[in-house]
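The values are calculated or read from the model by the stated rules, or taken from the named source; none is laboratory data. The model shown is predicted, which means the values in this text are computed figures rather than measured ones. Because the Cβ atoms are built from the backbone with ideal geometry, glycine has one as well, and the counts that use them run over all protein chains shown. Just so you know, the surface numbers come from the protein's heavy atoms only, side chains and all, with ligands and any DNA or RNA stripped out. Shrake-Rupley method; radii C 1.70, N 1.55, O 1.52, S 1.80 Å.
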Amino acid sequence: EERTWSGEWMSIRTDPNNPFVAAAVAWNGKFKLFDTRQASQSVFDVDLKKTSPSMRDFLYLCWSPDSKNIALSNRNDQIYLLGLKKGESNCLRLGSSKNMNMEVNQMVYSPSGDSLWVATGGNPGKLHIFPSDSLQTPERSVTAHNWTAISLACDPTGRYICSGGADGLITVWDPHQLQCMRCFLHPGQVIDKLDFNYQGTLIAWGTGAGERSLNLMGANTAIPYHQDLTPATVTHLRWHGSKNVLAYSLNASQMSEDRPHRDRRGYNKDTPIIQLLKLPDDL
């Protein structure tokens with residue numbers, strides 16, 4: 001059964017501990033926490049810009065591993081922390097915030113949840129690491145890319161965090177020691193979508209500017225398992241929580257009018273094209 005929630009939602013993520021609960025943030029400042037099985041009910045449905053006019057133009061959100069916190073970022077490169085309390089008395093609390101004064105791209109919490117990693121623009125591209133309870137505490141940073149750091153992903157097994165950049169590099173980090181364990185170079189690619197599979201053994205990424213492609217490789221071996229030149233930019237990708245199944249979407253506005261996807265299924269330029277890629281679970 002298909003269910004929809006109206007609004008200009010810019011980022012949506014499922015609760016890491018409950019696959020039926022999702023959080024979404026909209027360009028106009030709306031924040032929603034809801035059960036995906038019930039289209040008419042929400043745990044939270046609030047307009048954050050009523051708290052502060054600057055809380056709008058949101059682009060990205062991520063959950064903490066314990067599901068108690070959510071980090072948001074917006075077009076003005078501001079980061080906000082939200083504290084969640086779910087139960088008989090649901091409570092949403094606005095925590096720390098920070099104006100980064102540099103381009104903020106993607107964010108991810110460390111596997112233990114004790115730090116928030118932020119990929120930023122600039123030359124070189126850096127990853128900024130904040131304590132998860134306060135953005136006001138001086139952060140640490142590591143240089144991860146020659147150019148802008150764009151994408152981030154956390155290994156579900158807790159071993160690594162990896163980043164993708166405009167320089168075609170994927171860098172794999174030990175989140176405890178802040179050491180770069182290995183780098184993989186893919187010249188000519190802008191790696192702006194990135195994710196680990198459920199076992200942490202595969203990395204999937206999609207490219208933005210330049211070459212349009214979907215790629216999979218071994219996280220430890222760099223063995224390529226899949227490379228496909230796509231007819232449009234990969235806008236989102238996400239692995240299944242317990243299977244080697246990758247869901248990804250393509251930008252329909254970049255598809256040519258004679259593509260069979262649109263002719264056969266009635267897609268229009270405002271509708272994302274969602275596809276699934278299945279791989280053996282023993283990779």
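From the list GLY113, GLY7, which residue is free of Cβ contacts under 8 Å to residues at least 40 places away in the same chain, small (Gly, Ala, Ser) and open to solvent by less than 80 Å² (accessible area, probe 1.4 Å)? Lay out the reasoning, then the answer.
Details: GLY113 fails: free of Cβ contacts under 8 Å to residues at least 40 places away in the same chain.
The match here is GLY7.
Could you tell me whether TYR198 is assigned to a strand (DSSP E or B), open to solvent by 50 Å² or more (accessible area, probe 1.4 Å) and among the aromatic types (Phe, Trp, Tyr)? Steps first, answer last, please.
Numbers: assigned to a strand (DSSP E or B): no; open to solvent by 50 Å² or more (accessible area, probe 1.4 Å): yes; among the aromatic types (Phe, Trp, Tyr): yes.
No: the conditions fail for TYR198.
For region 165-179, enumerate the residues that are assigned to a strand (DSSP E or B) and over 21 Å from VAL104 (Cβ atoms). Show your work before the answer.
Just the residues of region 165-179 that are assigned to a strand (DSSP E or B), to begin with: 165, 169-174, 179.
Answer for region 165-179, where residues must be assigned to a strand (DSSP E or B) and over 21 Å from VAL104 (Cβ atoms): VAL172, ASP174, GLN179.
Starting from residues that are assigned to a loop (DSSP other than H, G, I, E, B) and without any contact (Cβ under 8 Å) to a residue 40 or more places away in the chain, keep the ones in region 17-35 and report whichever is farthest from LEU61 (Cα to Cα).
Initial filter on region 17-35 (assigned to a loop (DSSP other than H, G, I, E, B)): 17, 27-29.
Checking which are without any contact (Cβ under 8 Å) to a residue 40 or more places away in the chain leaves us with 27-29.
Values: TRP27: 12, ASN28: 14, GLY29: 12 Å.
Only one residue tops the list, namely ASN28.
Here's a check for you: in region 90-105, which residue that is aliphatic (A, V, I, L, M) and more than 17 Å from the chain's Cα centre (by Cα) is nearest to ASP192 (Cα to Cα)? It would help to see each step written out before you state the result.
First pass over region 90-105, keeping only residues aliphatic (A, V, I, L, M): 92, 94, 100, 102, 104.
With the extra rule that they be more than 17 Å from the chain's Cα centre (by Cα), the set shrinks to 92, 94, 100, 102.
On the way: LEU92: 31, LEU94: 29, MET100: 20, MET102: 17 Å.
Ranking the candidates gives MET102 first.
Quick one: would you say ILE170 is within 23 Å of LEU82 (Cα to Cα), in contact (Cβ under 8 Å) with a residue 24 or more places away in the chain, open to solvent by less than 60 Å² (accessible area, probe 1.4 Å) and aliphatic (A, V, I, L, M)? Before you say what the answer is, go through the steps one by one.
Details: within 23 Å of LEU82 (Cα to Cα): no; in contact (Cβ under 8 Å) with a residue 24 or more places away in the chain: yes; open to solvent by less than 60 Å² (accessible area, probe 1.4 Å): yes; aliphatic (A, V, I, L, M): yes.
Against the criterion (within 23 Å of LEU82 (Cα to Cα), in contact (Cβ under 8 Å) with a residue 24 or more places away in the chain, open to solvent by less than 60 Å² (accessible area, probe 1.4 Å) and aliphatic (A, V, I, L, M)), ILE170 does not qualify.
Taking the residues in region 39-70 that are in contact with a Ser or Thr (Cβ under 8 Å, 6 or more places away or on another chain) and assigned to a loop (DSSP other than H, G, I, E, B) as candidates, determine which candidate is farthest from ARG93 (Cα to Cα).
Looking at the filtered set, the residue picked out is ALA39.
Among the residues of region 180-194, count how many are in a strand (DSSP E or B) and more than 17 Å from the chain's Cα centre (by Cα).
Of all residues in region 180-194, those in a strand (DSSP E or B) come to 180-185, 189-194.
If we keep only those that are more than 17 Å from the chain's Cα centre (by Cα) as well, we get 180-185, 189.
Adding up the residues that qualify gives 7.
Kindly indicate the residue of region 67-89 that is over 21 Å from CYS154 (Cβ atoms) and under 20 Å from the mean Cα position of the chain (by Cα) and also most open to solvent (accessible area, probe 1.4 Å) among those meeting that condition.
ARG75
Which ones in region 1-16 are in a loop (DSSP other than H, G, I, E, B) and touching a strand residue (DSSP E or B) at 6+ places or on another chain (Cβ under 9 Å)? Give the derivation first.
Our first condition is that a residue be in a loop (DSSP other than H, G, I, E, B); within region 1-16, this holds for 1-8, 16.
Across region 1-16, the qualifying residues are TRP5, GLY7, GLU8, PRO16.
For the condition of a type outside the set (Gly, Ala, Ser), at pLDDT below 95 and either in contact with a Phe, Trp or Tyr (Cβ under 7 Å, 6 or more places away or on another chain) or open to solvent by 40 Å² or more (accessible area, probe 1.4 Å) (or both), what is the one hit in LEU135, LEU127, LEU92?
Values: LEU135 fails: either in contact with a Phe, Trp or Tyr (Cβ under 7 Å, 6 or more places away or on another chain) or open to solvent by 40 Å² or more (accessible area, probe 1.4 Å) (or both); LEU127 fails: at pLDDT below 95.
Just one listed residue meets the conditions, LEU92.
Count, please, the residues in region 214-234 that happen to be buried (at least 19 other Cβ atoms within 10 Å of the Cβ) and in a strand (DSSP E or B).
The first filter runs over region 214-234 and keeps only residues buried (at least 19 other Cβ atoms within 10 Å of the Cβ), leaving 214-217, 219, 230, 233-234.
Within this subset, residues satisfying the condition of being in a strand (DSSP E or B) are 214-217, 234.
Of the residues in that region, 5 qualify.
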